[in-house]
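Q: Got a structure here, written out as structure tokens. Questions coming.
The values are calculated or read from the model by the stated rules, or taken from the named source; none is laboratory data. Nothing here was measured: the structure is a model prediction, and the numbers come from that model. So basically every Cβ, Gly included, is an ideal-geometry build from the backbone, and we count neighbours across all protein chains shown.
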Amino acid sequence: MSNRVLILHGWGGSDHPHWQSKLASTIAKNYGTVSFPLLDNCHFPSKNRWLKQVKKLLKEFKPHTVVCHSLANTLWFWLCEENIIEVERLFMVAPPSLNTTEQTIKSFFPCKIPQNICAKKVHLIVSDNDPWIELEEAENMAKSINANYTIIKNGGHLNADSGFGKWELIENLVIVSDTTL
């Protein structure tokens, strides 16, 4: 059975040269199965529209692995309250604080950590200087969802603006360790 990878971007998308677009390209170049959709109105997102869109994707694409960046992590928490299918692996990269007050994305917050994370294995990756979350909150989040936890030194928001284009760590975790499924 081949691994199907669903990549979910955050607020504003993750187009080239963001590591998510590079990851999608690398998976496709190696004949992997990947879905990297542009979520509806990504610059002015609506939680309800994104929930509807991703629930449909989960049902139709049936991913084994989901890779979330930024706001997509919060979206995943909301999806977990919606009786979604459980995935094999979930990678949560640079989640924002669950009490974010940014007006443009206010429909997503505040948010609670779900009782069931809807994934068998979870790996949370955060930077020690991410402007969107304090390290202590990220560590508590990782413990609450029983996630493996990686801290990147001086990585900012782990996006293209902070220098994360092609990113070997995430490629190795998602593609190379795919053989552990």
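Q: From 55, 59, 29, 47, grab the single residue that is within 23 Å of residue 157 (Cβ to Cβ) and of a type in the set (D, E, K, R).
A: Within the list 55, 59, 29, 47, the selection yields 47.
Q: For residue 71, are the conditions met, namely being at pLDDT 95 or above, among the aliphatic types (A, V, I, L, M) and crowded, with 23+ Cβ neighbours inside 10 Å?
A: yes
Q: Output the residues belonging to the stretch 23-57 that are farther than 23 Å from residue 171 by Cβ, buried (at least 19 other Cβ atoms within 10 Å of the Cβ) and touching an Asp or Glu at 6+ places or on another chain (Cβ under 9 Å).
A: Matches in the stretch 23-57: 50 only.
Q: Within the stretch 85-102, is there a residue that is buried (at least 16 other Cβ atoms within 10 Å of the Cβ), of a type in the set (Asp, Glu) and in contact (Cβ under 8 Å) with a residue 40 or more places away in the chain?
A: Checked the stretch 85-102: at least one residue is buried (at least 16 other Cβ atoms within 10 Å of the Cβ), of a type in the set (Asp, Glu) and in contact (Cβ under 8 Å) with a residue 40 or more places away in the chain.
Q: List the pairs whose first member sits in the stretch 10-22 and is without any contact (Cβ under 8 Å) to a residue 24 or more places away in the chain and loosely packed, with under 15 Cβ neighbours inside 10 Å, whose second member is in a helix (DSSP H, G or I) and of a type outside the set (Val, Ile, Thr), and whose Cβ atoms are under 6 Å apart, counting only residues at least 6 apart or on separate chains?
A: Listed by first residue and then by second, the contacts come to 15/21.
Q: For the stretch 74-181, please list each of the strands (runs of 3 or more DSSP E) lying entirely inside it that holds at least 2 residues being over 21 Å from residue 62 (Cα atoms) and modelled with pLDDT of 95 or more.
A: Output list reads 119-127, 148-152.
Listed here are the residues, each with its yes/no results for (1) within 17 Å of the chain's Cα centre (by Cα); (2) acidic (Asp, Glu); (3) farther than 19 Å from residue 67 by Cα.
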position	(1), (2), (3)
101	no, no, yes
122	yes, no, no
139	yes, yes, no
153	no, no, yes
165	yes, no, no
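Q: Failed condition for residue 60, given (1) acidic (Asp, Glu); (2) outside any strand (DSSP E or B); (3) crowded, with 16+ Cβ neighbours inside 10 Å, with all others met?
A: (3)
Q: Something else now. Could you list, in sequence order, all residues of the stretch 1-56 that are polar (S, T, N, Q), closer than 22 Å to residue 125 by Cα and part of a helix (DSSP H, G or I)?
A: Once the filter is applied, which keeps residues that are polar (S, T, N, Q), closer than 22 Å to residue 125 by Cα and part of a helix (DSSP H, G or I), the stretch 1-56 yields 20, 21, 25, 26.
Q: Give me the pairs, please: first residue somewhere in the stretch 161-181 and over 25 Å from residue 131 (Cβ atoms), second residue anywhere and surrounded by fewer than 16 Cβ atoms within 10 Å (Cβ to Cβ) and at pLDDT 75 or above, beta-carbon distance under 8 Å, and either six or more positions apart or on two chains.
A: 175/30
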